[in-house]
Amino acid sequence: MSDFRKVALITGCSAPSGLGATLARELHSRGWEVFATARKSSSMTGLATAGINTLELDVASKGSVEQTVHNVFKATDGRLDLLINNAAKAQNHPLLDFEPDAVEEYFAIHVFGPLRLMQAFAKPLIKTKGTVVNIGTISSHGLPWQGIYASSKAAAQVQSDVLRRETAPLGLKVITVELGMVNTTRSRLLSMLSDIPNPPSILYPNFAEITRANIDATGKNVDQAPKAESVAKDIINAVDSGFSGKMWTGKSSSLFRWMFPVIPISWQDWIYGKIMKTDMIKPVNLK
């Protein structure tokens, strides 16, 4: 490095309007040396044009993580001030129809990959009194149709909280973000249509209808959600302030911060039924 700017590495920067890329631009605008990563560098051409370093990284691959760590250390003389684990894989599927062998990929992306990165960068982050930001989700409270995504994200958030408690005496700051809805691209919503069991689910024969209803309702909420730029500023402001702990940002996040922990489970189930259309499930005749 030619200067002593703070250095940040962000995963999951493939979508130009997504949170990862927006975080990269926000940090870059504040004078940080940013390394934005995604599985394909071709998805980050806009970031590269803006002067942001881009690296290919598949967080589910141990070899890819090791290569990225090597590349960053080489470019920064072993310095890192901020690691943001943002990479994620969405899911919309009945839990009982989900192929168990496919579960591993979600935990590789949300749990194992971030853990490898946190372990590899622990020493330089502690040396700089830096920060780890782990982007979680309000879905981790048990959102229907997102069982594997939600459970792997829940594991990641517990992992993040444990890391904060174990490394606070060492000077490392760890922020766990419970992210609500963000007004970004609609491609994630539309991709839900491709995640419908084929052949149709025996237990949920009208799942396609439920999914379309969810997309319609979620799309309206997304339109009302804060833009990625606003959420990115919230997160980076927390980093710059020296905050360490849990934060909530995005539409509906305050609901899960203040209301859900104190209302009865039966109320939670009723609310989820309305939000995620489990009240549309029809009884089936199992022979």
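Quick rundown of the values:
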| quantity | calculated |
| --- | --- |
| Single residue of segment 77-90 satisfying the filter (surrounded by fewer than 19 Cβ atoms within 10 Å (Cβ to Cβ) and at negative phi) that is modelled with the highest pLDDT | LYS89 |
| All positions within segment 250-270 that are over 23 Å from THR176 (Cβ atoms) and either surrounded by 11 or more Cβ atoms within 10 Å (Cβ to Cβ) or aromatic (Phe, Trp, Tyr) (or both) | TRP267, ASP269, TRP270 |
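Listed here are the residues, each with its yes/no results for (1) under 20 Å from HIS93 (Cβ atoms); (2) out of contact with any helix residue (DSSP H, G or I) (no Cβ under 7 Å at 6 or more places or on another chain); (3) at pLDDT below 85; (4) not hydroxyl-bearing (Ser, Thr, Tyr).
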| site | (1), (2), (3), (4) |
| --- | --- |
| LEU189 | yes, no, yes, yes |
| ARG212 | yes, yes, no, yes |
| ALA228 | no, no, no, yes |
| LYS233 | no, no, no, yes |
| LEU255 | no, yes, no, yes |
| ASN285 | no, yes, no, yes |
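Yes or no, residue by residue, for (1) among the polar types (S, T, N, Q); (2) touching a residue at least 24 places away in the same chain (Cβ under 8 Å); (3) not in a loop (DSSP other than H, G, I, E, B):
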site: SER17; (1), (2), (3): yes, yes, no
site: GLY20; (1), (2), (3): no, yes, yes
site: LEU27; (1), (2), (3): no, yes, yes
site: GLY31; (1), (2), (3): no, yes, no
site: THR37; (1), (2), (3): yes, yes, yes
site: SER42; (1), (2), (3): yes, no, yes
site: GLY46; (1), (2), (3): no, yes, yes
site: VAL59; (1), (2), (3): no, yes, no
site: GLN67; (1), (2), (3): yes, no, yes
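The values are calculated or read from the model by the stated rules, or taken from the named source; none is laboratory data. Remember, it's a predicted structure, so these values are computed and weren't measured experimentally. Neighbour counts are summed over all protein chains in view; Cβ atoms, including those assigned to glycine, are modelled from backbone coordinates with ideal geometry.
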